[in-house]
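Here's the structure, in structure tokens; my notes come after.
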Amino acid sequence: MKARADRYDGELTNIFDLQDRITERIVGAIEPSIRSSEVERARRKRPDSLDAYDFVTRALPTVWSNEPDGAVKGLSLLEQAIKLDPTYPLALALASWCLTQQVIYLRSRDVASDREKALELARQAARLDSDDPLVLTALSAAYMLVRELDLAAPFLEKALLIDPNSAWAWQRSGWLHTYRSRSKTAIEHFERSLRLSPLDPINFNSYIGIGAAHAHAGRYEEAVTWIEKGLRERPDAVWAYRTLASAYANAGRLKEAREAATTLLRTYPNVTISQLLELFPSNPGYIPRYVEGLRKAGLPE
């Protein structure tokens, strides 16, 4: 009887696992389509008839584009939304994330000012809404990229509790665990994000994230493989060469490390190792290895 009961429990578990996988695939297929149709609806409207929601919808593809001027365009649209509705949490949260993108992607002209503005916008959004998973995820992303990991974590945990099928939330969770050098969990969360939305245009960020997680764990060849995959998906994500150059060097591939550093410097000619250390959060145990790799790659101090 016990063996039969155990077998029955195992079959139920398999059924529930199958149901979870089917749900993930359905959500992954539908979510990007809904997002695209909403963006297209806003684009078709006359500029003089746009409301705050329309401006936010128009901003979304530029916010997620990773193009050099994407965050600037997105921020401009979001500022118009905030002007129409100063209490719109999603507009405030996404504007905060746009500003932190400028910082983390080496595009900010005033890092301290952009960080302060981003934090203030994030605080405003947090006071206004604590139940929208998209707002919560945007807030976690913003806090993460200004190195406030302890502030980012509870927003992300709540976002995933409310919407466990949010591909973006799982991707941001992957980055959070990467910054904390919890590589195994980080990779699992990136992989879940990819399963949920296999055709999402921001999946390149998960590939790069998996590479960064391997780098934190000292698996540099694996790190190179995944970061290169992300760059094939999005060649203009030049910021990723800062991690790739170090990973190449730590893998003993010095020629490729120097080429990666040259590519980074071609786009960001003033970048230095000390500047990079000021930009993004990371576990203290990883920083010395990261810096050593950048030095071997030839990046200036």
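If Lys and Arg each add +1 and Asp and Glu each add -1, what is the summed charge of the other residues whose beta carbon sits under 11 Å from the beta carbon of HIS214?
0
Go through segment 149-165 residue by residue and turn each phi into a ³J(HN,Hα) via Karplus (6.51, -1.76, 1.60, θ = phi - 60°); whole Hz please, and just put x for glycine and proline.
Per-residue couplings from phi come out as 5, 5, 7, 5, 4, x, 5, 5, 4, 5, 4, 6, 5, 6, 9, x, 10 Hz.
Using the number of other C-beta atoms within 10 angstrom as an exposure proxy, rank ILE104, ILE210 with the fewest first.
Ordered by Cβ neighbours within 10 Å, fewest first: ILE104, ILE210.
Using the Kirkwood formula on the Cα atoms of segment 183-301, what hydrodynamic radius do you get, in angstrom to one decimal?
14.2
For segment 171-178, in order, what is each residue's ³J(HN,Hα) by Karplus, 6.51 cos²θ - 1.76 cosθ + 1.60 with θ = phi - 60°, in whole Hz (x at glycine and Pro)?
Going residue by residue, I get 5, 5, 5, x, 5, 4, 5, 5 Hz, with x marking Gly and Pro.
Just to be sure I understand the model, the point goes 7 Å from the Cα along the line to the Cβ. What's the resulting ARG266 to LEU254 distance in nm?
2.3
To the nearest µm²/s, what D does Stokes-Einstein give for segment 44-188 at 37 °C and 0.692 mPa s, using the Kirkwood radius over alpha carbon pairs as Rh?
216
Would you kindly state how much longer the chain becomes between GLU191 and GLU278 on full extension, computed as 0.36 nm times their sequence separation minus their alpha carbon distance, in nm to one decimal?
28.5 nm
Would you compute, for the Cα atoms of segment 151-237, the largest minus smallest coordinate along each principal axis and list the three values in descending order, in whole Å?
35, 27, 20 Å, listed from the longest principal axis down.
Readers should treat all values here as calculations from the given coordinates under stated rules, not as data from a laboratory. Just so we're clear, the structure is a prediction, and the values are computed from it rather than from any experiment. Backbone-built Cβ (ideal geometry, glycine too); neighbour counts: all protein chains shown.
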